[in-house]
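Student: Below are the structure tokens for one structure; questions will follow.
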């Protein structure tokens, strides 16, 4: 098994029921991916099927979390077209449709994959740009 692959597909398919964790109109949200990069930066990843929009609450939670981190952080929203639930979503090759950086949401000026956007961000973090 390669690093980054799902260890237990059966466990990953289990639905998480958060209905008992309601606080007013707030319920938990999930984050599809999180990278803590060598103590230097954070990368949050949220994947949506065919440009589905984030709910208001999920977008607000991702926004606040990204903005509150004490190290450089980016939140990347990726779009994929993997329709069959039995097929794996290739997160690296999902298209980055929006990202949060320096407390603002941005639309990429050109097409990037999620991996391409992460690589560009890490160049900034490492001082390579």
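The values are calculated or read from the model by the stated rules, or taken from the named source; none is laboratory data. The structure presented is a predicted model; accordingly, all values stated were derived computationally and were not measured. No Cβ is skipped: glycine too gets one built from the backbone with ideal geometry, and neighbour counts run over all protein chains shown.
Student: Which residues, counting only those in segment 71-90, are surrounded by fewer than 17 Cβ atoms within 10 Å (Cβ to Cβ) and either under 19 Å from residue 54 (Cβ atoms) or at pLDDT below 95 (or both)?
Tutor: 79, 81, 82, 83, 84, 85, 86, 87, 88, 89
Student: Among the numbered criteria (1) closer than 26 Å to residue 28 by Cβ; (2) outside any strand (DSSP E or B); (3) touching a strand residue (DSSP E or B) at 6+ places or on another chain (Cβ under 7 Å), which one does residue 75 miss?
Tutor: The single condition residue 75 does not satisfy is (2).
Student: Can residue 36 be described as at pLDDT 95 or above and either over 22 Å from residue 102 (Cα atoms) or in a strand (DSSP E or B) (or both)? Break it down into steps so the answer makes sense when it comes.
Tutor: On the way: at pLDDT 95 or above: yes; either over 22 Å from residue 102 (Cα atoms) or in a strand (DSSP E or B) (or both): yes.
In short, yes.
Student: Between 88, 30, which is under 26 Å from residue 119 (Cβ atoms), assigned to a loop (DSSP other than H, G, I, E, B) and under 11 Å from the mean Cα position of the chain (by Cα)? Before you say what the answer is, go through the steps one by one.
Tutor: Details: 88 fails: under 11 Å from the mean Cα position of the chain (by Cα).
The match here is 30.
Student: If I ask for residues that are over 12 Å from residue 46 (Cβ atoms) and part of a loop (DSSP other than H, G, I, E, B), which ones from segment 92-120 would you list? It would help to see each step written out before you state the result.
Tutor: Quick first cut of segment 92-120, residues over 12 Å from residue 46 (Cβ atoms) only: 92-93, 95, 101-113, 115-120.
Within segment 92-120, 102, 103, 107, 108, 109, 110, 111, 112 qualify.
Student: Restricting to segment 104-123, name every residue that is touching a residue at least 12 places away in the same chain (Cβ under 8 Å) and either buried (at least 16 other Cβ atoms within 10 Å of the Cβ) or under 16 Å from the mean Cα position of the chain (by Cα) (or both).
Tutor: Result: 105, 108, 112, 113, 114, 115, 116, 117, 118, 121, 122.
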